[in-house]
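Below is one structure; the comments refer to it alone.
Please treat every number below as a calculation from the coordinates, not as lab data. Just so it is clear, the structure is predicted and the values come from calculations on it, not from any experiment. As a convention, Cβ positions derive from the backbone with ideal geometry for all residues, glycine included, and neighbour counts pool all protein chains shown.
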Amino acid sequence: MDLIYESTPELYSDLFEYLSDRKAEGKKVIAHLAHEFDPPELIEAAGAIPLNLIFAGNEELMQEGADYMNPTMCTYARSLIGMFKLKDQYPKYKFLNLVDVIISSDYCTSNLLIAESISKNFGVKSIEFFTPYMQKDQHVEFYQEQLRNLALNISEITGVNVDEKNLVHLMKKYNGFRETLSKIHELDLSGTNQIKIYQKALLFGPGGVNFDELESIKRKEIDVTKKNVILSGCPVFIGDTLAELIEEKCGGSIIYNDTWVGDLIYLSNSEIRSDKSPYEILAEVFRKNKSSAHCVPNYLAEYGNRISEISKKTNTFAVINHIIKFCDLIGYPRQGIKEKLNSMDIKILQLERDYSSETSGQLTTRIEAFLEIL
């Protein structure tokens with residue numbers, strides 16, 4: 001399989017084949033949302049296949065999901081539920097029939113409601129996994145217990161007990177996987193294609209992608225006449241055309257992808273130590289996280305520092321902060337984000353949107369106007 005997929009139907013077809021093969025091996029498919037506190041290496045160590053639910057970006061899915069969730073809930077959440085609703089109507093979504101379990105996390109309200117709705121309405125078993133909202137010692141200890149409980153709950157479903165040596169092996173494997181992904185921005189590729197590599201890699205995991213292909217896809221050159229921007233905030237999910245809009249229609253170039261489905265995943269890497277259990281090591285990843293509005297007390301300062309470093313590294317001083325409408329985490333500190341970046345002479349466009357096709361003209365106008373001032 002090529003690292004850069006040509007179309008979403010092709011990607012969905014490959015995913016169905018991949019998951020079907022794993023199911024034939026006796027594996028269970030554990031779905032989880034696109035947030036950083038559900039370690040895929042732990043899911044795999046418990047004998048399951050992690051499926052990162054990084055799908056959205058379609059008006060029909062958003063509207064169908066509104067039958068199950070309040071229209072003022074996160075657009076990503078409604079789109080995902082709409083996808084489950086239509087999985088038997090559209091063959092391209094049939095891979096969702098292979099999902100055995102969904103992890104119900106309190107990362108945000110929408111996360112809880114998505115899992116609850118999918119479990120209730122589409123016959124998918126859910127298991128709970130709670131993440132603290134602070135990073136003090138007692139909260140890190142609680143998170144570690146939640147990791148152990150998650151492993152036990154998955155093991156009850158798969159019949160595979162977590163072997164700690166194997167878990168450490170998988171942690172090293174995922175560390176290398178995320179390390180490679182973190183260097184994608186260095187390639188001579190458009191931001192759209194970089195995002196496609198991230199998306200496909202997160203779906204298929206370290207065992208399902210061939211990074212040896214990277215050497216053969218460096219040939220595509222970046223158009224130096226385009227205006228460089230850093231993409232921050234909410235991700236471009238599979239099915240969303242925002243990246244193409246920025247690069248192909250508006251004349252921008254996404255030089256760095258600082259989102260959940262982007263370089264932020266590198267911050268999930270663990271520091272392997274022989275004097276600590278793998279659960280302690282994974283809990284330390286939570287403690288050291290400086291990127292999540294979920295739990296980082298000085299989030300704005302950390303965000304500003306990160307963007308400043310990226311700006312200097314890439315010589316890019318413009319940010320498109322992507323805000324999915326009604327995202328209660330990313331949307332909350334938007335004014336503080338704007339003031340923080342402006343104080344560092346970094347221009348920012350706060351791009352709040354849903355997946356309505358009727359807003360595409362407005363988005364184009366706003367993006368083009370922003371790029372004009374760079």
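Structure summary
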| read-out | value |
| --- | --- |
| Full-extension gain in nm, T314 to S7, via 0.36 nm per residue minus C-alpha separation | 107.6 nm |
| Cleavage-rule hits, GluC sites (Glu not before Pro), region 78-159, DSSP coil, Cβ neighbours within 10 Å at most 12 | none |
| Charge dipole magnitude, Cβ of K and R +1, D and E -1 - region 241-374, Cα centre, debye nearest 20 | 360 debye |
| Region 230-353: C-alpha gyration tensor shape, a/c 1.5 cut-off, then a/b vs b/c | prolate |
| Cα-based reach from K28 at 12 Å (exclusive), listing aspartates and glutamates while leaving out same-chain residues under 8 positions away | E44, D100, E156 |
| Furthest towards positive pole of dipole, V168, F130, I114, structure part region 75-170, Cβ charges | I114 |
| At R0 = 56 Å, FRET efficiency that the Cβ-Cβ distance of E372 and D163 yields, to 0.05 | 0.45 |
| Charged-residue dipole, Cβ positions (Lys, Arg, Asp, Glu), region 8-172 about Cα centre, Debye nearest 20 | 240 debye |
| For region 1-130, the Rg and Dmax computed from alpha carbons only, in angstrom | 14.2, 41 |
| Signed unit charges on C-beta, dipole axis of the chain, positive-most listed residue Q63, S13, N321 | N321 |
| Sites matching GluC sites (Glu not before Pro) across region 1-89 that sit in DSSP coil, with at most 11 neighbouring C-beta atoms within 10 Å | E6, E25 |
| DSSP beta bridges in the chain [antiparallel fraction, %, rounded to 5] | 0 percent |
| Low-density loop positions, chymotrypsin sites (Phe, Trp or Tyr not before Pro), region 111-167 - DSSP coil, at most 15 other Cβ in 10 Å | Y133 |
| Burial ordering of M69, M62, fewest other beta-carbon atoms within 10 Å first | M69, M62 |
| Fewest-first sequence of S79, S292 by Cβ atoms within 10 Å of each Cβ | S292, S79 |
